1. Considering only residues that are assigned to a loop (DSSP other than H, G, I, E, B) and touching a Lys or Arg at 6+ places or on another chain (Cβ under 9 Å), look in region 114-145 and name the one that is farthest from the ligand (Cβ to nearest atom).
2. Have a look at Thr131, Thr136, Thr110 and point out the one that is exposed (fewer than 15 other Cβ atoms within 10 Å of the Cβ) and of a type in the set (Val, Ile, Thr).
3. Restricting to region 76-97, name every residue that is within 10 Å of the ligand (Cβ to nearest atom) and of a type in the set (A, V, I, L, M).
4. If a residue must be over 25 Å from Leu98 (Cβ atoms) and either touching a residue at least 60 places away in the same chain (Cβ under 8 Å) or buried (at least 17 other Cβ atoms within 10 Å of the Cβ) (or both), how many such residues does region 237-255 contain?
5. Being within 20 Å of Ala239 (Cβ to Cβ), assigned to a loop (DSSP other than H, G, I, E, B) and not acidic (Asp, Glu), is that true of even one residue in region 271-291?
6. Does at least one position in region 40-50 carry a residue that is within 14 Å of the ligand (Cβ to nearest atom) and closer than 30 Å to Ala246 by Cβ?
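Values quoted throughout were computed directly from the atomic coordinates according to the rules given, and no laboratory measurement underlies them. Small disclaimer: the values here were computed from a predicted structure and weren't measured. Counting neighbours? That spans all protein chains shown, and the Cβs are built from the backbone with ideal geometry, glycine included.
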Amino acid sequence: MTMPNFSYVRPKSLKETFSHLSAGNARIHAGGTDLLGCLRDGVFTAEKVVSISQLDELKRVERLKDGSIRIGALATVAELTNHELVKEGYPALAQAALEVASPQLRNQGTIGGNLCQKPRCWYYRGEFHCTRKGGTRCFAMAGENQYHCILGGRGCYIVHPSDIAPALVAYGASVEIAGAGETRKIPVEKLFVLPEQGITKETILEPGEVLTAVLLPPAEEGFHSSYRKVRARGSWDFALAGVALALHFHEGRVAGARIVLSGAAPIPWRCPDSEKIITGQSLDDDIIARAAAAAMRQARPMQHNEYKIELFKGLIAEELAAYKRS
Ligand SMILES: Cc1cc2nc3c(=O)[nH]c(=O)nc-3n(C[C@H](O)[C@H](O)[C@H](O)COP(=O)(O)OP(=O)(O)OC[C@H]3O[C@@H](n4cnc5c(N)ncnc54)[C@H](O)[C@@H]3O)c2cc1C
């Protein structure tokens, strides 16, 4: 496919950005690593591409007075891997960022773009008029579905492509969304949309809105976090399965837990039953095995992706075992 024609603007302020976005079929360009591929492959169209790269206010990573961390939407994925504030307080986020793509893509891709990227389903990205593109058929259902979801699919079986999103959900992070009207703040967990809530959308962002920042709550004592990803090849690949853990320990017991999966569902997938099983407990083999099994209880695999169930159980169990009572 060849790149279609579009006009390209680089506004100097958010206000100017909103006015460009409100006119016709306009798309935001941050690092362009996902957007340009989508345009070239005809996944969607744009009459105008609005680059936000001149908006310095979206580039800052800073600690706020209340101890929380504000990461501007244009912070690059590479910055997240080595920024002191991230590495010190939010290791799962730094680890997740390091798992993203390749060094070149991490240098160019931004946190905002990573959260708003389009899914990687080969039917959606290919020349198939699938349900996510407004068609009537999900081609993965009877097709090559080895990389598709086992949880949360209905009418569309994508997996959410971001490694960063599950880590943010595990931390209880929020995003700031600005539009021509008021700015709103919502938990990252509520940013993403399941197919049954809107099959052609990935996020709740309305046309013309810009994700301006990610906000991480203050890191607390006794808090431990990690992100681990399994992929089909050694590097530069999306998750077959991944797990972000954020565990709060008090006197050797789990006082609070968030377990969030990547590669499992169309959105970063929380495991509330597993979280309940480990909360209040000190971790041993039995509790860990029960928690890992509970995470997969609702799984509905397709013809070629049943392997993911055991993969996730093993991955969750191994990650929790790092915190086992000795
Ligand atoms: C070969 C390859 C491998 C990859 N592997 C991984 C991987 O393993 N793990 C992973 O997590 N990701 C992976 N990615 C995805 C990559 O991380 C994203 O492409 C990148 O983070 C997107 O950032 P960007 O700034 O380039 O976004 P862009 O391409 O500029 O934008 C992406 C989308 O988000 C929208 N957008 C961008 N910024 C905003 C904003 N601030 N507000 C609202 N909408 C916005 C754009 O309109 C566009 O639709 C891979 C990508 C490629 C090409």
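1. Filtering region 114-145 for residues that are assigned to a loop (DSSP other than H, G, I, E, B) and touching a Lys or Arg at 6+ places or on another chain (Cβ under 9 Å), the one farthest from the ligand (Cβ to nearest atom) comes out as Cys138.
2. So the residue among Thr131, Thr136, Thr110 that is exposed (fewer than 15 other Cβ atoms within 10 Å of the Cβ) and of a type in the set (Val, Ile, Thr) is Thr136.
3. Residues satisfying the conditions are Val77, Ala96, Ala97.
4. So the count comes out to 2.
5. yes
6. no
One line per residue, one yes/no per condition, for (1) acidic (Asp, Glu); (2) within 13 Å of Ala213 (Cα to Cα); (3) in contact with a Cys (Cβ under 6 Å, 6 or more places away or on another chain):
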residue	(1), (2), (3)
Asp66	yes, no, no
Arg70	no, yes, no
Glu84	yes, no, no
Ala97	no, no, no
Arg106	no, no, no
Asn114	no, yes, no
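This table checks each residue for (1) out of contact with any Lys or Arg (no Cβ under 6 Å at 6 or more places or on another chain); (2) among the polar types (S, T, N, Q).
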| site | (1), (2) |
| --- | --- |
| Val9 | yes, no |
| Phe18 | yes, no |
| Gly32 | yes, no |
| Asp56 | yes, no |
| Lys59 | yes, no |
| Arg70 | yes, no |
| Ala78 | no, no |
| Ala92 | yes, no |
| Gln95 | yes, yes |
